[in-house]
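Structure, as structure tokens:
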Amino acid sequence: MHFGGDYSGTAWIHSLVDCTTMLCAPLGSFIGNRLSCRIAVILGGFLSSIGLVLSSFATSLEYLYLTLGVLTGIGFSLCYTPAIAMVGSYFCERKALAYGIAMSGSGIGTFILAPVVQLLIEHYSWRGALLILGGVVSNLCVCGALLRPITLKEEEEAHGPVPLDTDCGYRVKAQVVSTLEEPLAINNSKGSRCFKSMQEYRFLLMPDFLMLAVSFLFLASGCSLPFVYLVPYALDVGVSHHQAAFLMSILGVIDIVGNITFGWLVDRRCLKKYRNVCYMIAVGMEGLCCLFIPLLRTFALLVPFSVLYGYFDGAYVALIPVVTSDIVGTTNLSSALGIVYFLHAIPYLLSPPIGGWLVDTTGTYTATFFLSGFALISSSLVISTVTGIRHCRRTQKHRKNNKDTDPKQDPCQGSRSDFYIASSKDVNPSINTANS
């Protein structure tokens, strides 16, 4: 309204924030791996805060595209991936629950900040609201300072033991001090850095991760459409504005519940081995909900959709880092998450316009929700294929190991054991004779 722009032009600001955050996720992983997750988050908090503060002085929409869209998005990308990776480093036994609690922060923040920002706009205008939000976001620097670096068991086995922190009980990375006398200059050479980068991203050649990447592409193509078109669809079928907005509130609150409860559930001993299956079920159920939504044409029927879709959306979001960690390992988790969230960028940018084109072409929302449902189900099927292949590999490897260690299958091993038994029998009489 202030700049006299249309809805599509203004919506590009939000699209640029989301797209830049996901598109630059590998940059956050790179800085986190090269320097530290603490430095990456502090730098990201500084950039995103500066972007919001500069946006409060905007003179045009193009100005906001750069400051609020690109600069703030880059800052968020530097914070997002390293912070998620650190959760995987800190927690092992209840990793899914830890991720669920961490991911619920997004839902809680959205639920609380939506009315708060509206009040800030009413009292201080949109410029004052952006300025205050810049100060709020600067607290990311404080959060980054609290991300204490630790040494994982994998790193300790590779590089030797590190001093134990007596206060916390885990091992803390010591500061690396280079001297002229130590022959460490080779680590700064181009060949050494190239080799280190190849080691960090060697998971890209893993067939399981490639299949997981295809699954995430389908997932990102379908998961955002219901959030964009649920309220317009509800208004189209005759639901009031107040009730349509309430549907989104229900979805957001249940999303938080799904984050925490599903993470706690998957961490149970009986389900921990089947985390991939639980993730597959959550994504598949989301897809089924989208396929049924064209049949739901009243507020009373749309409420169960919001509850189910919100719950399973929160469930799968909490399990994305867990499933990725199960495939690539904790050491490569930061780099892998950077690639995973990078794969979300283009579908997040393109799927809402494609859904809008389907609405304009067909005159209904049916094709849009079908597109979302089939994309989510396809993602679930790809994950089920990966899970099935891994299960077959483990079964085949287990059978091979049993075959190699079974004496009945190895005639030489059987003869050796018979020889030792016979030898012991021959020795015992002589011993008894000597004793007598």
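The values are calculated or read from the model by the stated rules, or taken from the named source; none is laboratory data. Since the model is a prediction, treat every value here as computed from it, not as a measurement. Every residue, glycine as well, gets a Cβ built from its backbone with ideal geometry; the counts of neighbours run over all protein chains shown. We work out accessible area using only protein heavy atoms, side chains counted, and drop any ligands, DNA or RNA first. Shrake-Rupley method; radii C 1.70, N 1.55, O 1.52, S 1.80 Å.
The table below gives the values:
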{"read-out": "Span from the the stretch 18-66 Cα centroid across to the the stretch 331-403 one, whole angstrom", "value": "27"}
{"read-out": "Rg to Rh, two decimals, where the stretch 264-329 supplies the alpha carbon set and Rh follows Kirkwood", "value": "1.09"}
{"read-out": "Highest average packing first - 368-379, 50-61, Cβ atoms within 10 Å", "value": "368-379, 50-61"}
{"read-out": "Pair residue 10, residue 34: separation of 7 Å Cα→Cβ label points (nm)", "value": "3.9"}
{"read-out": "Sites residue 397 and residue 265, calculated FRET efficiency, Cβ-Cβ separation with R0 41 Å, nearest 0.05", "value": "0.90"}
{"read-out": "Extension reserve of the residue 60-residue 118 stretch, reckoned as 0.36 nm per residue once the Cα distance is removed", "value": "18.7 nm"}
{"read-out": "The stretch 218-338 - percent of accessible surface contributed by carbon and sulfur, probe 1.4 Å", "value": "72"}
{"read-out": "Relative contact order of the stretch 35-107, defined on C-alpha pairs under 8 angstrom at six or more residues apart (%)", "value": "35"}
{"read-out": "Computed Rg/Rh of the stretch 200-344, alpha carbon atoms with Kirkwood Rh", "value": "1.03"}
{"read-out": "HN-Hα J in Hz across the stretch 93-100 - Karplus 6.51, -1.76, 1.60, θ = phi - 60°, x for Gly and Pro", "value": "5, 10, 5, 5, 5, 4, 5, x"}
{"read-out": "Whole-angstrom gap from the stretch 255-290 to the stretch 67-83, using each part's C-alpha centre", "value": "28"}
{"read-out": "From the C-alpha gyration tensor of the stretch 26-117, square roots of 5λ in Å", "value": "28, 18, 8"}
